[in-house]
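Just below is one structure, and these are the notes that go with it.
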Amino acid sequence: MSGITVDLFSDTVTRPTPAMRRAMADAEVGDEQNREDPTVNRLQAMVAELLGQEAALFLPSGTMCNQVAFAVHCRPGDEVLLHETAHPLLYEAGGPSAMIGAVMRPLPGARGMFTAEQVRQAVRPQVHFMPRTRALSIEQTANIAGGVCWPLAQIEEVCAAGHAAGLACHMDGARLMNAVVASGAPARSFGRLFDSVWLDLTKGLGAPVGAVVAGSKAFIEAAWVFKQRFGGAMRQAGIIAAAGIYALEYHVNRLAEDHERARDLARGLGELSGVAVDAERVDTNIVIFDVRGTGITGEEFARRTERSGVRFSVLGPTLVRAVMHLDVPPDGVERALSAARSALRG
Ligand SMILES: Cc1ncc(COP(=O)(O)O)c(C=O)c1O
């Protein structure tokens, strides 16, 4: 976006680094739809291993991972339990109902999470006049709650409750690697608990395209059918898969820097009069703050900071979001704070 030099709109705005582009240019390729692209096959094997699953499938986006997984788990009329702020409910253009005929059942809960007890209460009795509760979905990290990292113990309890009730457990791991770095728990300790789990290559990991969903061999075979049906099968996709491999090799550990900078930004914002934010609750790379006390709206705040070249996203009338990523320049936090101070001066 022209004139923007610190873009905190999302971690999706990153551009491939020169080294990542070289890896893409050098990639060995084949026909992905025939499963003959060696680079795609390597990426899939890497992610299956990383997530403690038998197999994996490269897809064009995280949105398609959610759709494909729900399509495998559900028949039309089946119900999926998920948080009321979850991505498939709010930001996937009604895909689960339009493409699969699944009912999305929103659950409330602090910080983008719900509990095992909520799952037990939500599962419907098996009677012919009710939807069949078929799956649950957990978002790691919980985006709209502010990049909240679900504790492993809570995920274990929720998945145990889901499995006991015969549900398929799905993880939307758009930012799973942020949770891995923040918690210190290996990716497979989360991944192995789920019947389907995916991670996005295009968020903090900085690749230009793609996400990878993992599960049992049977799940992945079924997922191939829906990948084809939804138009997600590709040809010489090794060029983009190579960026994903590069990202997994070189861009995971550095996520810790994004988390540190997000906390620095939150601490600085918290010192501004009228801005409410709890820096101690910044788990990963997302900061959500409330400008209500400043007397201006979130839209106005964001419009004014853009005059200083800093872009935030607006989540509600007075709620603003900043997301750290590898393209934020070294002095990005200082510049964002300076833009925020100017915005509040008028
Ligand atoms: C939590 C979450 N799930 C799913 C998605 C969809 O991912 P993609 O943009 O790769 O389709 C996003 C994207 O922002 C997200 O934040």
Subset tally (residues that are in contact (Cβ under 8 Å) with a residue 24 or more places away in the chain, closer than 13 Å to Met234 by Cα and either in a helix (DSSP H, G or I) or in contact with a helix residue (DSSP H, G or I) (Cβ under 7 Å, 6 or more places away or on another chain) (or both)) for the stretch 12-37:
5
Within the stretch 76-102, which residues are out of contact with any Asp or Glu (no Cβ under 9 Å at 6 or more places or on another chain), free of Cβ contacts under 8 Å to residues at least 40 places away in the same chain and either among the acidic types (Asp, Glu) or under 18 Å from Asp195 (Cβ atoms) (or both)?
Glu84, Glu92, Pro96
The condition from (1) more than 15 Å from the ligand (Cβ to nearest atom); (2) in contact with a helix residue (DSSP H, G or I) (Cβ under 8 Å, 6 or more places away or on another chain) that Ser2 misses is numbered (2)
Going through (1) out of contact with any Phe, Trp or Tyr (no Cβ under 8 Å at 6 or more places or on another chain); (2) more than 15 Å from the ligand (Cβ to nearest atom); (3) under 17 Å from Ala207 (Cα atoms) one by one, Ala48 fails only at (3)
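One line per residue, one yes/no per condition, for (1) away from the ligand (no atom under 11 Å from the Cβ); (2) over 15 Å from the mean Cα position of the chain (by Cα); (3) more than 23 Å from Gly232 (Cα to Cα); (4) not basic (Lys, Arg):
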| site | (1), (2), (3), (4) |
| --- | --- |
| His170 | yes, no, no, yes |
| Leu193 | yes, yes, yes, yes |
| Val197 | yes, no, no, yes |
| Asp200 | no, no, no, yes |
| Val209 | no, no, no, yes |
Specify the residue that is nearest to the ligand (Cβ to nearest atom); the eligible residues are those in the stretch 95-132 that are closer than 24 Å to Val225 by Cβ and touching a helix residue (DSSP H, G or I) at 6+ places or on another chain (Cβ under 9 Å).
Gly95
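Read the figures in this text as sums done on the coordinates, not as results from a lab. What you see is a predicted model; the values in this text were computed from it and never measured. Neighbour counts are summed over all protein chains in view; Cβ atoms, including those assigned to glycine, are modelled from backbone coordinates with ideal geometry.
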